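Report on the structure given below.
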Amino acid sequence: MRKTLAASLPWLMVLATVVSALAADHRNLILSGNGVFVKHPSKVITPALQHDAKLKTVAGDLSDYKFGVFFCCYGDYITGLTNELGVVPEYWQAVPFTPAANMTVKEIDASVVWDEGTNAVVLSLNSDSSGLPGKAIHSWNVKNLAIIGSCCQLATGKSKTGIAVTKGTQYWVVVSTNANDSNIFAAWEVNSTDMRLHPFASYCDDSKQGNCNGTSGKWVAVNGLLPGFDVLGQ
């Protein structure tokens, strides 16, 4: 059954005027808490690349609609320690999933978009640690992210050999930064298929700038609209 775009939130309609979104043009952005709104989405909609037909969905919330794979205009910060906003700490985000069967993960996709700084993030599959993200099982350095406000290019990590995951065990899809992209300001855009609030995790580090409100250097459990992601395997 095809997933469809959710349209239940009134504020989505406010953001529907179509004009170009320019990288590092903060006049087009509304910064709020640890999230960013794009006032005007991009004119150009790039259909997402087709997946290998042999792969099955292990978990995920991306839409099958090629011009609306995720929502272009609201997401959670992905920022480095020295991001060029100057007032925002380092933020990482992580989404949990639990396989319904033993599978071998071959691909992970995330709706991560870039605004300024080094155009690269770390995408990883992580183990669970007491209900929060644990150690990375496998990671990818993903470069050349799409510009914020656009859809539907995805940040993608692929494994030829595959990564075994176990039925009933919780794992995490994590988007983070490292020393090579410490000046990045990006966002992990929310999905367009489910407007309910769900648990995920957020990491904050204010050792260089910004304020984490007492949670610096820690993963914490949060609730909100889930970022867009897919885990694919065999």
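The values are calculated or read from the model by the stated rules, or taken from the named source; none is laboratory data. Since the model is a prediction, treat every value here as computed from it, not as a measurement. For neighbour counting, all protein chains shown are included, and Cβ atoms are generated from backbone atoms with ideal geometry for every residue, glycine included. We work out accessible area using only protein heavy atoms, side chains counted, and drop any ligands, DNA or RNA first. Shrake-Rupley method; radii C 1.70, N 1.55, O 1.52, S 1.80 Å.
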Gly134 long-range amide H proximity, modeled H, under 5 Å: Ser127, Asp128, Ser129
Charged-residue dipole, Cβ positions (Lys, Arg, Asp, Glu), the chain about Cα centre, Debye nearest 20: 600 debye
Label of the coordinate-derived value, semi-axes √(5λ) of the Cα gyration tensor in Å, listed as (1) 41, 19, 16; (2) 25, 22, 16; (3) 36, 31, 17: (2)
From phi via Karplus (6.51, -1.76, 1.60), per-residue ³J(HN,Hα) for the range 180-185 in Hz, x at Gly/Pro: 6, 10, 5, 9, 6, 10
Carbon plus sulfur fraction of accessible area for the chain, probe 1.4 Å, in percent: 54 percent
Computed [θ] at 222 nm, deg cm²/dmol, the chain (DSSP H ≥ 4; -39,500 (n - 2.57); rounded to nearest 500): -500 deg cm²/dmol
Filtered trypsin sites (Lys or Arg not before Pro), the range 102-198: DSSP coil and at most 10 other beta carbons within 10 Å: Lys167, Arg196
Residue-normalised accessible area of the chain, given per residue in Å² at a 1.4 Å probe: 47 Å²
From phi via Karplus (6.51, -1.76, 1.60), per-residue ³J(HN,Hα) for the range 146-160 in Hz, x at Gly/Pro: 5, 6, 4, x, 9, 8, 9, 5, 10, 7, 10, x, 10, 10, 5
Neighbourhood net charge (9 Å Cβ-Cβ; Lys/Arg +1, Asp/Glu -1) for Gly233: +1
Within a Gaussian network of the chain (alpha carbon springs, distance under 10 Å), most fluctuating of Ala110, Ala59, Ala164: Ala164
Gyration tensor (alpha-carbon) shape descriptor, the range 124-234, a/c threshold 1.5: rounded
Extreme residue, positive dipole direction of the range 113-234, given options Gly162, Leu123, Val142 (C-beta unit charges): Gly162
Percent RCO, i.e. relative contact order, over the range 27-98, from Cα pairs under 8 Å lying at least 6 residues apart: 29 percent
Gaussian network model of the chain, springs between alpha carbon atoms under 10 Å - residue of Leu154, Leu62, Leu85 with greatest fluctuation: Leu85
The range 29-71: trypsin sites (Lys or Arg not before Pro) falling in loop per DSSP and having at most 10 other Cβ within 10 Å: Lys54
